[in-house]
Amino acid sequence: MNSRSPFDSPGVWLKGNLHTHSTESDGARDPDDVVSWYADRGYDFLAITDHRTRTIVDPPEDNSLIMLPSMELDGRDKSFGGEYHLTGIGLASLDRTESGTSLQAAVDQVKADGGLAILAHPNWLGIAPHQVFPISGLDGLEVFNVNCEQGNGKGESGQLWDHVFDAGMSLHGLAVDDAHWHGPDAGKAWVVVRSQTRTAEGVYDALATGCFYSTQGPEIHSFTVDGNVARARCSPVVDIRFVSQGKFGRRFTSENGEIEEAEFVLYGQEKYVRLVCIDREGRMAWSNPVMTAA
Ligand SMILES: [Zn+2]
Ligand SMILES: [Zn+2]
């Protein structure tokens with residue numbers, strides 16, 4: 001897996017949202033307002049992902065927000081008879097698309113244009129692992145989508161992530177708003193990248209190599225797998241989980257008070273370990289998976 005750890009890489013921490021709509025598709029806020037909203041709240045980068053159209057907006061005059069030209073593609077895949085949505089992040093020239101008939105073709109379209117192909121809210125769409133297994137070229141999936149969570153409680157896709165990762169698909173996991181601005185669906189989940197430079201290229205490279213974590217609030221300070229020991233440090237939470245395939249992994253909780261670190265001696269059969277931290281309010285943070293020596 002072509003991954004870099006964000007916790008021991010040089011650079012700067014940058015916060016961004018990679019799924020947002022505007023009035024250019026079905027969002028209720030115009031593109032300039034969307035940019036201002038995120039810039040005013042200290043975000044460092046943003047992808048506006050209108051449906052089937054690439055919305056290009058000038059960044060704020062002070063260049064405080066790095067813009068990644070992006071789009072949400074969609075369609076009904078004939079091979080599995082279900083709907084798919086795919087965000088293409090960092091597109092070079094793809095301006096518009098039509099509703100498609102193949103998830104693989106959509107991924108290929110994004111990759112041919114230099115973008116990152118992210119499977120959007122798979123749990124919300126009812127996408128099953130066997131429908132993802134044949135797809136090649138995917139860079140990641142949305143492990144959490146705020147709009148979907150608010151809609152019907154199916155915003156979290158960690159279980160699907162484990163199934164496909166266990167099967168050998170090295171996907172990264174992103175938490176996103178998918179803000180449509182009809183309700184309070186903005187600013188509630190984001191990605192924190194460790195970027196070598198404060199540039200679009202740096203952010204793109206960090207995203208492409210998994211050099212980031214995702215969160216609704218908790219901060220992950222460190223996550224390592226050294227030999228047979230996994231270690232985590234984070235902001236105060238009530239639940240630290242080392243998640244692996246199937247029955248493996250381990251959970252650490254606090255009965256009275258909060259914890260900021262945990263250490264897990266692997267059973268030895270874990271193929272990978274990923275970290276989930278949950279705070280008092282139930283807000284989660286997710287690391288990308290780390291391969292083990294097992
Ligand atoms: Zn969607
Ligand atoms: Zn969307």
From (1) within 16 Å of ligand 2 (Cβ to nearest atom); (2) touching a Pro at 6+ places or on another chain (Cβ under 8 Å); (3) open to solvent by 40 Å² or more (accessible area, probe 1.4 Å), pick out the condition that doesn't hold for Glu142. (3)
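Which of the residues that make up the stretch 60-74 are in contact with a helix residue (DSSP H, G or I) (Cβ under 7 Å, 6 or more places away or on another chain) and assigned to a loop (DSSP other than H, G, I, E, B)? Don't jump to the end; show me each part of the working.
Initially, the stretch 60-74 is screened for residues in contact with a helix residue (DSSP H, G or I) (Cβ under 7 Å, 6 or more places away or on another chain), giving 60, 64-66, 68, 73.
Answer for the stretch 60-74, where residues must be in contact with a helix residue (DSSP H, G or I) (Cβ under 7 Å, 6 or more places away or on another chain) and assigned to a loop (DSSP other than H, G, I, E, B): Pro60, Ser64, Leu65, Leu68.
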So Val164 passes all but one of these: (1) within 16 Å of ligand 2 (Cβ to nearest atom); (2) closer than 27 Å to Ala105 by Cβ. Which condition number does it fail? (1)
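Quick one: count up the residues across the stretch 132-144 that are under 10 Å from Val164 (Cβ atoms) and either hydroxyl-bearing (Ser, Thr, Tyr) or part of a helix (DSSP H, G or I) (or both). Lay out the reasoning, then the answer.
At the first step, the residues of the stretch 132-144 found to be under 10 Å from Val164 (Cβ atoms) are 132-133, 135, 138, 141.
This time we only want the ones that are either hydroxyl-bearing (Ser, Thr, Tyr) or part of a helix (DSSP H, G or I) (or both), so: 132.
Total satisfying the criteria: 1.
Residues of the stretch 75-97 being within 16 Å of ligand 1 (Cβ to nearest atom) and either farther than 22 Å from Gly16 by Cα or in a loop (DSSP other than H, G, I, E, B) (or both), which ones? Full working, then the answer.
The first filter runs over the stretch 75-97 and keeps only residues within 16 Å of ligand 1 (Cβ to nearest atom), leaving 75-77, 82-89, 97.
Result: Gly75, Arg76, Asp77, Gly82, Glu83, Tyr84, Thr97.
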Which condition number in (1) crowded, with 17+ Cβ neighbours inside 10 Å; (2) farther than 29 Å from Tyr43 by Cβ; (3) more than 22 Å from the chain's Cα centre (by Cα) is the one that Asn228 fails? (1)
Where the second residue is among the small types (Gly, Ala, Ser) and in a loop (DSSP other than H, G, I, E, B) and the first is more than 10 Å from Thr197 (Cα to Cα) and open to solvent by 20 Å² or more (accessible area, probe 1.4 Å) and lies in the stretch 7-18, which pairs have Cβ atoms under 8 Å and are six or more apart or on separate chains? Lys15/Gly42
Unique residue being over 19 Å from the mean Cα position of the chain (by Cα) and either more than 23 Å from Ser195 (Cα to Cα) or open to solvent by 40 Å² or more (accessible area, probe 1.4 Å) (or both) when the list is Asp74, Asp30, Asp113: Asp30
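The values are calculated or read from the model by the stated rules, or taken from the named source; none is laboratory data. The model shown is predicted, which means the values in this text are computed figures rather than measured ones. Every residue, glycine among them, receives a Cβ derived from its backbone with ideal geometry; neighbour counts consider all protein chains shown. What goes into the accessible areas is simple: the full protein's heavy atoms, side chains included, and nothing from ligands, DNA or RNA. Shrake-Rupley method; radii C 1.70, N 1.55, O 1.52, S 1.80 Å.
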